[in-house]
Amino acid sequence: NNHITEDAADAIAIVLLSNLNLEELYLSNNQLASGLNKIAASLKEMHNLTVLDLDNNNATDEVATELSAVVHSNKLEKLFLANNSLKLGVVVIAHALSTITTVTELNLSNNGLTEEVACSLAAAVKSNRSLRTVKLSNNKLQTDGIKVIAQSLKQLSSLEVLHIDNNMINEDGADDIAAVLLNNRHLRELNLGDNNLQHGVIQIANALNNATALQKLVLSDNKLCEDVAEALAMALKFMHSLKVLAVMNNVLKTNGIIKIAQSLCSISELTLFNIYNNQITREAEDAIAKVIENNSKLEELYL
């Protein structure tokens, strides 16, 4: 976060060539843009790089080929490329990722990704069985794209963080997401917000009965209604480690909110509960008040 522009890329590239044993590089929140080609040309001469953070750098698909070469030549464990505009360039990067097996954290959020890159991403995930974190938020993968990626995700037994919020996923994708959850008992964070899952969340909630390690669950903006609330309330009874629950901007009504609140009363670790912009009545408020009474660690409540 030093406002470094592509004009500085030559100098950075030279410095990197003098430090070929570098293991971690953090250049996030700059404006390197096409200058990343020059930096990547140096990085691909390295063989010990394990962490590469290029989040938010105005990178486009023009730099994808050089970045894929960096992936090929190193044994990356963490790759952060969020908040760029790589779009179809991710196909090339994902292909490189599919040739290695070392990645544990991958962030490609907000890159204009569509379902056209889904098969390539699925192959990358399949090759890296040690993946613990997968973040694909704020893209346009849509239901069909998520279905493809989910086939690989469900083979990961160590997955801890999955963010696929704001990806235009409808309830037809719920079965595939549920299958991922059933096979990942170590999941700590699940963000499915800003989609259109609707009644599909019932299947997801049923799968979450196994998610005893879950600490953060985001289901905001999914048109959740009463029948979904009942399934979610049942799942919450098993989430003894839950710290954050966000279900704002849905259509939950009194009975559903009461059931959710009753389940939350038994979760002693809860620190944040966001139920803003639902149909909250006085009766529902009374149930929420009991959540406050029974959760001494609750710090944030949004109504």
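The values are calculated or read from the model by the stated rules, or taken from the named source; none is laboratory data. The shown structure was predicted, so the numbers you read here are calculated from the model rather than taken from an experiment. We place every Cβ from the backbone using ideal geometry, glycine too, and count neighbours over all the protein chains shown. To get the accessible areas, we keep the full protein, side chains included, count just its heavy atoms, and leave off ligands, DNA and RNA. Shrake-Rupley method; radii C 1.70, N 1.55, O 1.52, S 1.80 Å.
Quick one: would you say A205 is crowded, with 18+ Cβ neighbours inside 10 Å and modelled with pLDDT under 95?
Working: crowded, with 18+ Cβ neighbours inside 10 Å: yes; modelled with pLDDT under 95: no.
Taking the combined requirement at face value, the residue does not satisfy it.
List the residue pairs whose Cβ atoms are under 8 Å apart, where the first residue sits in the stretch 237-265 and is of a type in the set (D, E), the second is surrounded by fewer than 20 Cβ atoms within 10 Å (Cβ to Cβ) and not in a loop (DSSP other than H, G, I, E, B), and the two are 6 or more positions apart or on different chains.
Close Cβ pairs satisfying both conditions: none exist.
Yes or no: the stretch 2-10 includes at least one residue that is within 30 Å of S158 (Cβ to Cβ) and either touching a residue at least 24 places away in the same chain (Cβ under 8 Å) or open to solvent by less than 40 Å² (accessible area, probe 1.4 Å) (or both).
No, the conditions are met nowhere in the stretch 2-10.
If we scan the stretch 106-127, do we find a residue that is open to solvent by less than 60 Å² (accessible area, probe 1.4 Å), farther than 22 Å from I169 by Cα and outside any helix (DSSP H, G or I)?
no
Can you tell me which of V180, V161 is over 21 Å from I275 (Cα atoms), within 13 Å of the chain's Cα centre (by Cα) and of a type outside the set (S, T, Y)? Spell out the reasoning first.
Values: V180 fails: within 13 Å of the chain's Cα centre (by Cα).
Sole residue among the options that is over 21 Å from I275 (Cα atoms), within 13 Å of the chain's Cα centre (by Cα) and of a type outside the set (S, T, Y): V161.
Can you tell me how many residues in the stretch 63-104 are assigned to a helix (DSSP H, G or I) and of a type in the set (D, E, K, R)? Before the answer, list the steps.
First, pick out the residues of the stretch 63-104 that are assigned to a helix (DSSP H, G or I): 63-73, 87-97.
Cutting the leftovers down to of a type in the set (D, E, K, R) gives us 66, 87.
So the answer is 2.
Does the stretch 251-260 contain at least one residue that is more than 24 Å from E160 (Cα to Cα) and among the polar types (S, T, N, Q)?
Yes.
With the requirement that a residue be surrounded by fewer than 19 Cβ atoms within 10 Å (Cβ to Cβ) and in a loop (DSSP other than H, G, I, E, B), what does the stretch 28-45 give you?
Within the stretch 28-45, S28, N29, K44, E45 meet the criteria.
Checking the condition open to solvent by less than 20 Å² (accessible area, probe 1.4 Å) and part of a loop (DSSP other than H, G, I, E, B), which residue from L217, L187 passes?
The match here is L187.
In the stretch 48-65, which residues are surrounded by fewer than 18 Cβ atoms within 10 Å (Cβ to Cβ) and either within 18 Å of G112 (Cα to Cα) or more than 21 Å from the chain's Cα centre (by Cα) (or both)?
Residues satisfying the conditions are N48, N58, T60, E62, T65.
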